[in-house]
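The values are calculated or read from the model by the stated rules, or taken from the named source; none is laboratory data. Just so it is clear, the structure is predicted and the values come from calculations on it, not from any experiment. Cβ: placed from backbone, ideal geometry, glycine included. Neighbour counts: every protein chain shown. SASA here: full protein model, heavy atoms, side chains in, ligands and nucleic acids out. Shrake-Rupley method; radii C 1.70, N 1.55, O 1.52, S 1.80 Å.
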Amino acid sequence: RQAIAKNHPVHGERMTYRAPGIPIRTYYYSILPFMWQGKVEGTILLMDDVTEQIRLSEEVRKVERHLASIVESASDIILSTDRKGTILTWNEAAERLSGYMAAEVLKRSFFESCTDEDQKEVQEIFASIDKRKFAQIKECFFRTRQSHFIPISWAFSPMKDSRGQTVGVVAVGRDLTETRKLETELFQSQKLAALGVMAGGIAHEIRNPLSICSSSAQFLLDEDVSPEFRRHCAEKILKGVQR
């Protein structure tokens, strides 16, 4: 009615339509006034079937939500940066371990999270990331809001665009705190085990001369032994003590 009465075209409206015996389809439609000798004689209805495009868009959004859910649910740090190291994304694990929310670190440099000793090597990895065939592994400390340093094992991979060009870096970091703790406990238990073996060997080396000294002393308590045998027992005791 607006198109006929006011010569007012309508562009790009969305509608669903079901023809008898056909599933619902989705269209974008336009209504154009049809003029003849300065007067609107009728309208032209243009309908563009976008059902398949909408279905594909929903599938793409579903995949994107699924991937986003995986990234956010991961226990490892997952973040992305541009070629210069400016942070673009920051998942929940990164928030939890660092104490910084994503809004606080976006547009900041990733290198600020590294120690002064590690910054140069990490920058070199970023500079040559597109020349590597495999992810670059680097263990370094990660700075938290409380200025603590957490040991992290990083895997740096190039982030590609649709043309295959490297536009940034994807960094996946695993907290090594518990691993280091277990390694320390294992090393401690190995030391204790070694001490136990050493103590057992020392006890064996002490027990043998002690048993000789003990048996020789028992012979000395016997009044019937000859002076020669008594001297022999005394020498064995002296040698056992020296040993």
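The table for this structure:
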{"read-out": "Pair list, Cβ under 9 Å, 6 or more apart: the stretch 156-172 residue farther than 18 Å from SER113 by Cβ and outside any strand (DSSP E or B), other residue modelled with pLDDT under 95 and open to solvent by 40 Å² or more (accessible area, probe 1.4 Å)", "value": "ASP161/VAL167; GLN165/ASP130"}
{"read-out": "Residue list for the stretch 95-125, filter: open to solvent by less than 80 Å² (accessible area, probe 1.4 Å), acidic (Asp, Glu) and out of contact with any helix residue (DSSP H, G or I) (no Cβ under 8 Å at 6 or more places or on another chain)", "value": "GLU104, ASP118"}
{"read-out": "Subset of the stretch 116-150 that is touching a Gly at 6+ places or on another chain (Cβ under 8 Å) and of a type in the set (S, T, N, Q) - its residue that is farthest from GLU178 (Cα to Cα)", "value": "GLN123"}
{"read-out": "Subset of the stretch 161-199 that is of a type in the set (Asp, Glu) and surrounded by 10 or more Cβ atoms within 10 Å (Cβ to Cβ) - its residue that is farthest from PHE110 (Cα to Cα)", "value": "GLU185"}
{"read-out": "Where ARG180 falls short, out of the listed (1) modelled with pLDDT under 90; (2) assigned to a loop (DSSP other than H, G, I, E, B)", "value": "(2)"}
{"read-out": "Members of the stretch 85-99 found to be in a helix (DSSP H, G or I) and in contact with a strand residue (DSSP E or B) (Cβ under 8 Å, 6 or more places away or on another chain), listed by number", "value": "ALA93, ALA94, LEU97, SER98"}
{"read-out": "Which numbered condition ALA19 fails, given (1) within 49 Å of the chain's Cα centre (by Cα); (2) open to solvent by less than 90 Å² (accessible area, probe 1.4 Å)", "value": "(1)"}
{"read-out": "The one condition in (1) surrounded by 12 or more Cβ atoms within 10 Å (Cβ to Cβ); (2) modelled with pLDDT of 90 or more that PRO209 fails to fulfil", "value": "(2)"}
{"read-out": "Flag if ILE70 is among the hydrophobic types (A, V, I, L, M, F, W, C), at negative phi, open to solvent by 50 Å² or more (accessible area, probe 1.4 Å) and out of contact with any helix residue (DSSP H, G or I) (no Cβ under 8 Å at 6 or more places or on another chain)", "value": "yes"}
{"read-out": "Options VAL225, VAL241: the member that is in a loop (DSSP other than H, G, I, E, B) and not charged (D, E, K, R)", "value": "VAL225"}
